[in-house]
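Take a look at the structure below.
The values are calculated or read from the model by the stated rules, or taken from the named source; none is laboratory data. These figures come from a predicted structure and were not determined experimentally. FYI the Cβ positions are ideal-geometry reconstructions off the backbone, even for glycines, and counts take in every protein chain you see. Accessible surface areas use protein heavy atoms only, side chains included; no ligands, DNA or RNA. Shrake-Rupley method; radii C 1.70, N 1.55, O 1.52, S 1.80 Å.
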Amino acid sequence: MKTIEANFDGLVGLTHNYAGLSQGNKASIHYAGKVANPREAALQGLEKMKALSELGFIQGVLAPQERPDVATLRRLGFTGSDSRVLSDAAQQMPAVLAACCSASSMWTANAATVSPSADCADGKVHFTPANLINKFHRSIEHDVTGKILKSTFNNPDHFVHHQALPSTEYFGDEGAANHTRFCHEYGEQGVEFFVYGREAFNPQSTSPQKYPARQSLEASQAVARLHQLDPDKVVFAQQNPVVIDQGVFHNDVIAVGNRNLLFCHEQAFVEQAGVYESLRKAYGSQDFHIVEVADQQVSIAQAVGTYLFNSQLLSLDNGGTMIVVPSECENEPAVWDYLQSILNDASCPITDLKVFDLRQSMNNGGGPACLRLRVVLNDQELAATNQHCLINNQRFATLSRWVKKHYRDQLSEKDLADPLLLMESRTALDELTHILNLGSVYPFQN
């Protein structure tokens, strides 16, 4: 059976705005208060999906969350009509209203951790939605995320859906943003690489001092158990706390991997040489490649500013690897010079480069890798996936029309209490569930 790695990108929601909600994410804080363009953001994401689909990659889409999240505001004591709830929240707790309007589910690298059937003892694909408890605006996502994933991968003969881990900092889980898989071929058993920021039950362990470590070792270990992974094929590594304090809030801001290739900064991990040794041992052969970027080539600040490592590595039919980067990499001479140097290096596995304009997402703190959830599927599993969630030219055209019909071209924080925005969002999402054949996944539909 043929096995591929599909990328499921998050569709940017109608309330995409710059509220600066994510401490430790420098772009999110820098652009706080600016006017966003939800329509442009969604279309930029769709253009990326279409382009990769046309290059022959299997590309899917995951629906956004319902926002504003009136149900959460009601849980916090706001009552009356929906418009009254929004108005009172805007007056009494504007920061909470902003959190309940966040479109952060667009970054589906945080949606879940996914393990392919070749790695799991029961031979099924396993999904665990991330609890994202470190940030309030993201901690309210996982219930609907789980429903969307179940509607997208909806055949129990092939897919297993777990609950999110307990919502406590001891089991803080940020999903695939801190998880990578290495393998010879996608259909063979691989090595699952979990990167954590701290040991929650070990107060003596090292941890960052300025910004929070969002992923715990204990959460990563729990996901590995839930997914029935072979302990000999799992590697746990600690993210360097020094770089977390420089704005590397997830591992995918400092490292990315695909098949037999790890592309990372030299300061990515604690005891980095030991991490490499563990990966090589678990991988089990000599064709494991590590492309390590020295700080003198690209600094941490340059990596964070351009999201060089928040890139996608895609396997090409000719045996090469394409790197997908945001256009910000073109605008930083050191980063662009480095990319050109590896493309001209015959010994480097990275052979091709694709650049996308993702400015709306980048301004809010997410690049190409943030926008996609990787799901390895064999022929039967791909056939069992909700086909309405796979991108082709017709689906792209339909979704583009849908975006242009429903999305605003300007949105600021002061607009979030507008009751019309809530009605626009619900009308659009109800239509989207029919386009993607999802059923009733949103609270307002029930």
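Among the residues of region 390-402, is any over 22 Å from Ser87 (Cα atoms) and in contact with a strand residue (DSSP E or B) (Cβ under 6 Å, 6 or more places away or on another chain)? Before the answer, list the steps.
Taking region 390-402 as the starting set, the residues that turn out to be over 22 Å from Ser87 (Cα atoms) are 390-402.
From what's left, in contact with a strand residue (DSSP E or B) (Cβ under 6 Å, 6 or more places away or on another chain): 390-391.
For region 390-402, residues over 22 Å from Ser87 (Cα atoms) and in contact with a strand residue (DSSP E or B) (Cβ under 6 Å, 6 or more places away or on another chain): present.
May I ask you to verify whether Ser425 is crowded, with 21+ Cβ neighbours inside 10 Å and farther than 20 Å from Gly60 by Cα?
Working: crowded, with 21+ Cβ neighbours inside 10 Å: yes; farther than 20 Å from Gly60 by Cα: yes.
The answer is yes for Ser425.
Residues are listed down the side, and each one gets a yes or a no for (1) in contact with a Lys or Arg (Cβ under 6 Å, 6 or more places away or on another chain); (2) on the phi > 0 side of the Ramachandran plot; (3) not charged (D, E, K, R):
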{"site": "Ser347", "(1), (2), (3)": "no, no, yes"}
{"site": "Leu353", "(1), (2), (3)": "no, no, yes"}
{"site": "Asn364", "(1), (2), (3)": "no, no, yes"}
{"site": "Arg372", "(1), (2), (3)": "no, no, no"}
{"site": "Tyr407", "(1), (2), (3)": "yes, no, yes"}
{"site": "Gln410", "(1), (2), (3)": "no, no, yes"}
{"site": "Pro419", "(1), (2), (3)": "no, no, yes"}
{"site": "Leu438", "(1), (2), (3)": "no, no, yes"}
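Being open to solvent by 10 Å² or more (accessible area, probe 1.4 Å) and over 25 Å from Asp157 (Cβ atoms) is the filter here, so list the residues in region 362-391 that pass it.
Met362, Asn363, Asn364, Arg372
Restricting the search to region 148-157, which residues are open to solvent by 40 Å² or more (accessible area, probe 1.4 Å) and in a loop (DSSP other than H, G, I, E, B)?
Let us first name the residues in region 148-157 that are open to solvent by 40 Å² or more (accessible area, probe 1.4 Å), namely 150, 154-157.
Hits for region 148-157 are Asn154, Asn155, Pro156, Asp157.
Test Asp317 against the criterion of being within 18 Å of Arg259 (Cα to Cα) and charged (D, E, K, R), and give yes or no.
Details: within 18 Å of Arg259 (Cα to Cα): yes; charged (D, E, K, R): yes.
Yes, satisfied.
Considering each residue of region 388-446, count those that are of a type in the set (S, T, N, Q) and assigned to a helix (DSSP H, G or I), and give that number.
Start the filter on region 388-446 by keeping residues that are of a type in the set (S, T, N, Q), which leaves 392-394, 398, 400, 410, 412, 425, 427, 433, 437, 440, 445-446.
So of that shortlist, the ones also assigned to a helix (DSSP H, G or I) come out as 393-394, 398, 400, 425, 427, 433, 445.
Total satisfying the criteria: 8.
Could we say that Asn134 is open to solvent by less than 10 Å² (accessible area, probe 1.4 Å), polar (S, T, N, Q) and closer than 24 Å to Ala19 by Cβ here? Give the steps one after another, and end with the answer.
Working: open to solvent by less than 10 Å² (accessible area, probe 1.4 Å): no; polar (S, T, N, Q): yes; closer than 24 Å to Ala19 by Cβ: yes.
No: the conditions fail for Asn134.
Out of all the residues in region 342-360, which are open to solvent by less than 60 Å² (accessible area, probe 1.4 Å) and over 23 Å from the mean Cα position of the chain (by Cα)?
If the condition is that a residue be open to solvent by less than 60 Å² (accessible area, probe 1.4 Å) and over 23 Å from the mean Cα position of the chain (by Cα), then Ile342, Leu343, Cys348, Pro349 are the ones that fit.
Enumerate the strands (runs of 3 or more DSSP E) found wholly within region 165-238, keeping only those where 2 or more residues are open to solvent by 10 Å² or more (accessible area, probe 1.4 Å) and at pLDDT 95 or above.
Values: elements: 179-182, 191-196, 234-238.
Fully inside region 165-238 and qualifying: 179-182, 234-238.
Mind listing whichever residues of region 102-139 are assigned to a loop (DSSP other than H, G, I, E, B), under 16 Å from the mean Cα position of the chain (by Cα) and either at negative phi or free of Cβ contacts under 8 Å to residues at least 12 places away in the same chain (or both)?
Here is the first cut: in region 102-139, the residues assigned to a loop (DSSP other than H, G, I, E, B) are 102-103, 107, 111, 116-119, 121-124, 130-135.
If we keep only those that are under 16 Å from the mean Cα position of the chain (by Cα) as well, we get 102-103, 107, 111, 130-135.
Result: Ser102, Ala103, Trp107, Ala111, Ala130, Asn131, Ile133, Asn134, Lys135.
Hey, does region 57-72 have a residue that's open to solvent by 30 Å² or more (accessible area, probe 1.4 Å) and either closer than 20 Å to Leu411 by Cβ or of a type outside the set (A, V, I, L, M, F, W, C) (or both)? Please lay out each step first, then the result.
Our first condition is that a residue be open to solvent by 30 Å² or more (accessible area, probe 1.4 Å); within region 57-72, this holds for 57-58, 71.
This time we only want the ones that are either closer than 20 Å to Leu411 by Cβ or of a type outside the set (A, V, I, L, M, F, W, C) (or both), so: none.
No, the conditions are met nowhere in region 57-72.
Kindly provide the set of residues from region 239-260 that are among the β-branched types (Val, Ile, Thr) and open to solvent by less than 30 Å² (accessible area, probe 1.4 Å), ordered by number. Talk me through it step by step, then tell me what you get.
Step one: filter region 239-260 for residues among the β-branched types (Val, Ile, Thr), giving 242-244, 248, 253-254, 256.
Once the filter is applied, which keeps residues that are among the β-branched types (Val, Ile, Thr) and open to solvent by less than 30 Å² (accessible area, probe 1.4 Å), region 239-260 yields Val243, Ile244, Val248, Val253, Ile254, Val256.
Filter region 333-363 for residues that are without any contact (Cβ under 8 Å) to a residue 40 or more places away in the chain, farther than 30 Å from Thr15 by Cβ and touching a Ser or Thr at 6+ places or on another chain (Cβ under 8 Å) and give the result.
Ala334, Val335, Leu343, Thr351, Asp352, listed by residue number.
Which of the residues spanning region 242-257 are part of a loop (DSSP other than H, G, I, E, B) and within 12 Å of the chain's Cα centre (by Cα)? Don't jump to the end; show me each part of the working.
Of the residues in region 242-257, the ones part of a loop (DSSP other than H, G, I, E, B) are 245-250, 254.
Answer for region 242-257, where residues must be part of a loop (DSSP other than H, G, I, E, B) and within 12 Å of the chain's Cα centre (by Cα): just His250.
If you scan region 261-283, which residues turn out to be in a loop (DSSP other than H, G, I, E, B) and open to solvent by 60 Å² or more (accessible area, probe 1.4 Å)?
First, pick out the residues of region 261-283 that are in a loop (DSSP other than H, G, I, E, B): 266-268, 270-271.
Matches in region 261-283: Glu266, Glu271.
For region 401-420, check the following and say yes or no: at least one residue is free of Cβ contacts under 8 Å to residues at least 60 places away in the same chain, β-branched (Val, Ile, Thr), surrounded by 13 or more Cβ atoms within 10 Å (Cβ to Cβ) and within 16 Å of Arg39 (Cα to Cα).
Checked region 401-420: no residue is free of Cβ contacts under 8 Å to residues at least 60 places away in the same chain, β-branched (Val, Ile, Thr), surrounded by 13 or more Cβ atoms within 10 Å (Cβ to Cβ) and within 16 Å of Arg39 (Cα to Cα).
Only residues in region 78-101 that are surrounded by 17 or more Cβ atoms within 10 Å (Cβ to Cβ) count as the first member; pair them with residues that are part of a loop (DSSP other than H, G, I, E, B) and of a type in the set (Val, Ile, Thr), Cβ under 6 angstrom, at least 6 apart or cross-chain, and list the lot.
Note: pairs meeting the criteria are Cys101/Thr15.
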